[in-house]
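The values are calculated or read from the model by the stated rules, or taken from the named source; none is laboratory data. The structure displayed is predicted, hence computed values, not measured ones. Backbone-built Cβ (ideal geometry, glycine too); neighbour counts: all protein chains shown. For the accessible areas, the whole protein counts, side chains as well, though only heavy atoms, and no ligand, DNA or RNA atoms are used. Shrake-Rupley method; radii C 1.70, N 1.55, O 1.52, S 1.80 Å.
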Amino acid sequence: MNCSISGEIPEEPVVSKNSGLLFEKRLIERHILDYGKCPVTGEPLSIDDIVPIKTGKIVKPRQAASIPGMLGMFQNEWDVLVLSNFALEQQLHTARQELSHALYQHDAACRVIARLKKERDEARSLLAQAERQMPLSSTSISSNAAVNVNGKRVNEDEELGPDGKKIRPGISATVISELTDCNASLSQQRKKRQIPPTLVPVEALESYTQISSHPLHKTNKPGIISLDINHEKDVIATGGLDTNAVLFGRSSGEILSTLSGHSKKVTSVKFVTRDDLFLTGSADKTVRVWQPSDDGNYNCRHILKDHTAEVQAVTVHATNNFFVTASLDNTWCFYDLASGLCLTQVAEDSGTEGYTSAAFHPDGLILGTGTSEALVKIWDVKSQKNVARFDGHVGAVTAISFSENGYFLATAAHDGVKLWDLRKLKNFRTFAPYDSETPTNSVEFDHSGSYLAIAGSDIRVYQVASVKSEWNCIKTIPDLSGTGKATCLKFGTDAKYLAVGSMDRNLRIFGVPGEDGPMET
């Protein structure tokens, strides 16, 4: 039998009462004095807990007088070395166990922190959305009770100001922060923006011709007066005098959906790329928010009745979370898209002209509006203050378009098109392509800011240049509707085609002959 510490046959064997292990007496006594516990099991151990074992006496040969002292010294050193080595092994084993446990706890803590960060971000997002959606308690709507104020029916639960107008929640600091962050991001991207290599060159645009025509609206009330394009899905939307909005798939050449619900002409249509939502404004004083259904059609999600006159324009903010409507009642409304809540309705006390057009600046902190009295007004969205006015037009301002570079603004009216330099707030060029009896109905920059299209009695495309350089007309397309009134137009992706609406019921696509496109119907 061997010692549990040294592994050798003990000269004075003792056994532990607690564990039953065998030890060399001098080794276990020294270990007990140093540590007070069993070296193997780690249990408390005292001198009284060890019992000597009697064995046959080993007779050793007699040695020289100097040798026993040396052997005793060597034996003591060996005993110390064995005990130290054993203690180090025990400590190493304990350290390995503690390190393994610490690493496991660290890994678990990292996973918990990551989960908590994700939950925090989701909570912040939900809180921001809730703040946008939450109407003031004082403006909650009761659909059953109404009273007359100034000859208008309003809900009893709606709080009215001294002037009899509804009190709006206002644009909160959270919304302003979201608009500012979007502005900073888009401004930074614009500095690095380059004209895409896939943009149609001038030579190809000069050869544009009609490649297809599609009768989308009713024959008893012909006329397409608004148009928009979803570039991601290559879907074109039109709004007509027949009170309908039509979604048309250009690649398939088929009508995807017809949206009915307005009681008067649809004056403005806009896609919202987020959640595939769709907006329509109408002369019936309402704005509708549409969302797709499982059967491929669209259902009306909100009917907004905040205006008291025809809604002339709808424009969507770059965040795809907000939009603005402009009306002939001389107000524009800023809406939260998710809830359909009007956060603020802005009206100027001076002037009685109504708004006939509106568009967001590409960066989203500036709003441009055109009035029926030939004025162009520039607004700071955060403060809802009118920061600039442009005059000089004749007749109502029918269309507004900001260039993607953020510097140029094009406005259309009865007397033609004017170009404005937003850095110096002045008009630097005027196009008068038609006679005094023919209004300009639409003006539009392409997404790259390289081309400008004008619609009136025909369609004209100009190559965009600088303030001092000449803007050359590179293509004139006759109006093929026979009505002499091209009312709206939009460039397709990379200006590969031009969609045009006229006062007949047909949507016309102009592009390069021979390129793939829908067959004419």
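For the chain, find the longest principal axis of its Cα atoms and tell me its angle to the long axis of helix 173-191, 0 to 90°, nearest 10.
80
Roughly how many whole Å is it from the C-alpha centroid of the range 275-320 to that of the range 442-521?
Going from one Cα centre to the other spans 26 Å.
Show which lysines lie in cross-link reach of residue 37 when reach means a straight Cα distance below 23 angstrom and same-chain residues fewer than eight apart are skipped.
By straight Cα distance, residue 37 reaches 17, 25.
7 Å from Cα along Cα→Cβ at both residue 387 and residue 41: what's the point-to-point distance in nm?
For residue 387 paired with residue 41, the spin-label model returns 8.4 nm.
Mind giving me the nanometre distance, one decimal, between the label points for residue 115 and residue 373, set 7 Å out from Cα along Cα→Cβ?
Going by the 7 Å Cα→Cβ label model, 6.3 nm.
Are there GluC sites (Glu not before Pro) in the range 283-369 that DSSP marks as loop and that have at most 15 other Cβ atoms within 10 Å, and which are they? Walk me through the numbers on the way to the answer.
On the way: sites: 310, 348, 353; in loops: 310, 348, 353.
Hits after loop and neighbour filter: 348.
Using modelled amide H (1.01 Å from N, peptide plane; none on Pro or chain starts), what sits under 5 Å from the amide H of residue 388, excluding residues fewer than 5 places away?
378
Determine, for each peptide in 70-83, 488-501, the mean count of other beta carbons within 10 angstrom over its residues, then list the peptides with the highest first. Walk me through the intermediate numbers first.
Numbers: 70-83: 12.6, 488-501: 22.6.
So the peptides 70-83, 488-501, ranked by packing, come out 488-501, 70-83.
Work out, step by step, the length gained on full extension between residue 190 and residue 348: first 0.36 nm times the residue separation, then minus their alpha carbon distance; give nm to one decimal.
Working: separation 158, 0.36 × 158 = 56.88 nm, distance 3.27 nm.
The span from residue 190 to residue 348 would gain 53.6 nm if fully extended.
Can you tell me the length gained on complete extension of the stretch residue 96 to residue 129, counting 0.36 nm per residue apart and subtracting the Cα distance? Mind showing how you got there, number by number?
Numbers: separation 33, 0.36 × 33 = 11.88 nm, distance 4.99 nm.
Between residue 96 and residue 129, full extension yields an extra 6.9 nm.
Of all the accessible heavy-atom surface of the range 450-498, with the other protein chains kept in place and a 1.4 Å probe, what percent is carbon and sulfur? Could you put the intermediate results ahead of the total?
Numbers: 840 of 1840 Å².
For the range 450-498, the apolar C and S fraction of the accessible surface comes to 46 percent.
Using θ = phi - 60° and the Karplus form 6.51 cos²θ - 1.76 cosθ + 1.60, what ³J(HN,Hα) does each residue of the range 309-325 get, whole Hz, x for Gly and Pro?
8, 4, 7, 9, 8, 10, 9, 9, 6, 4, 6, 6, 10, 9, 8, 10, 10
So what is the accessible area of the range 13-52 per residue, in Å², with the probe set to 1.4 Å? Walk me through the intermediate numbers first.
Details: 2110 Å² over 40 residues.
Here the residues of the range 13-52 average 53 Å² of exposed surface.
Calculate the translational D of the range 13-52 in whole µm² s⁻¹ from Stokes-Einstein, where the hydrodynamic radius comes from the Kirkwood formula applied to all Cα pairs, the temperature is 10 °C and the viscosity 1.306 mPa s. Provide the component values of the computation, followed by the final result.
On the way: Rh = 9.6 Å.
The calculation lands on 166 µm²/s.
Quick check: net charge around residue 356, other residues with Cβ under 10 Å of its Cβ, Lys/Arg +1 and Asp/Glu -1? Intermediate results must be reported in sequence, preceding the final value.
Numbers: positive: none; negative: 310, 353, 373.
Here the count lands on -3.
Give a residue-ordered list of calculated ³J(HN,Hα) values for the range 245-254 (Karplus: 6.51 cos²θ - 1.76 cosθ + 1.60, θ = phi - 60°; whole Hz; x for Gly, Pro).
10, 10, 9, 10, x, 5, 5, 8, x, 10
Among 409-421, 259-271, how do they line up from the highest to the lowest mean number of other beta-carbon atoms within 10 Å?
Values: 409-421: 22.7, 259-271: 20.3.
Listed from highest to lowest mean packing, they are 409-421, 259-271.
Taking amide H positions as placed 1.01 Å from N in the peptide plane, with prolines and chain starts having none, which residues 5 or more places from residue 38, or on another chain, fall under 5 Å of its amide H?
Placed amide hydrogens put 43, 45 under 5 Å from residue 38.
Which GluC sites (Glu not before Pro) in the range 419-494 sit in a loop by DSSP (not H, G, I, E or B) and have at most 10 other Cβ atoms within 10 Å of their own Cβ? Show your work: numbers first, answer last.
Values: sites: 437, 444, 470; in loops: 437, 470.
Hits after loop and neighbour filter: 437, 470.
Could you sort out which of 270/382; 166/233; 218/270; 305/382 sit more than 29 Å apart by Cα distance in this structure? Please list the in-between numbers first.
Details: 270/382 22 Å; 166/233 39 Å; 218/270 21 Å; 305/382 23 Å.
Violating the 29 Å limit, Cα to Cα: 166/233.
For residue 76 paired with residue 426, estimate the spin-label separation in nm (one decimal), with each label point 7 Å from Cα along the Cα-to-Cβ line.
10.7
Rg and Dmax of the range 377-432, Cα atoms, in Å?
11.4, 35
Relative to the compact globular guide of 2.2 N^0.38 Å, what is the alpha carbon radius of gyration of the range 209-261, as a ratio? Please list the in-between numbers first.
Numbers: Rg = 11.0 Å, N = 53, 2.2 N^0.38 = 9.9 Å.
Against the empirical 2.2 N^0.38 Å value, I get 1.10 for the range 209-261.
Where the Cα atoms of the range 184-511 are projected onto their three principal axes, how long is each span, largest first, in whole Å?
For the range 184-511, the Cα spread along each principal axis is 47, 46, 43 Å.
Magnitude of the Cβ-charge dipole of the range 13-52, K/R +1 and D/E -1, about the Cα centre, nearest 20 debye? Could the numbers behind the result be given before it?
Numbers: 5 positive and 6 negative charges, 16 e Å.
Computed charge dipole of the range 13-52: roughly 80 debye.
Hey, what number do you get for the chain at 222 nm if only DSSP H runs of n ≥ 4 count, each worth -39500 (n - 2.57), divided across all residues, to the nearest 500? Working shown, then result.
Working: 4 runs with 102 residues, N = 521.
Helix-only estimate at 222 nm: -7000 deg cm²/dmol.
Return the sequence-ordered ³J(HN,Hα) values of the range 81-88 in whole Hz as given by the Karplus equation 6.51 cos²θ - 1.76 cosθ + 1.60 applied to θ = phi - 60°, using x for Gly and Pro.
3J(HN,Hα) across the range 81-88, in whole Hz: 5, 5, 5, 5, 5, 5, 5, 5.
Going by amide H atoms built from the backbone, whose H comes under 5 Å of the H on residue 375, apart from near neighbours?
Residues meeting the amide H criterion: 397.
Could you compute the FRET efficiency for residue 181 and residue 218, with r as their C-beta to C-beta distance and R0 at 51 Å, rounded to 0.05? Mind dumping the intermediate values first?
Working: r = 44 Å, r/R0 = 0.87.
FRET efficiency, residue 181 to residue 218: 0.70.
What is the dipole size for the chain, taken about its Cα centre, with +1 at each Lys and Arg Cβ and -1 at each Asp and Glu Cβ, in debye to the nearest 20?
Working: 55 positive and 63 negative charges, 90 e Å.
Computed charge dipole of the chain: roughly 440 debye.
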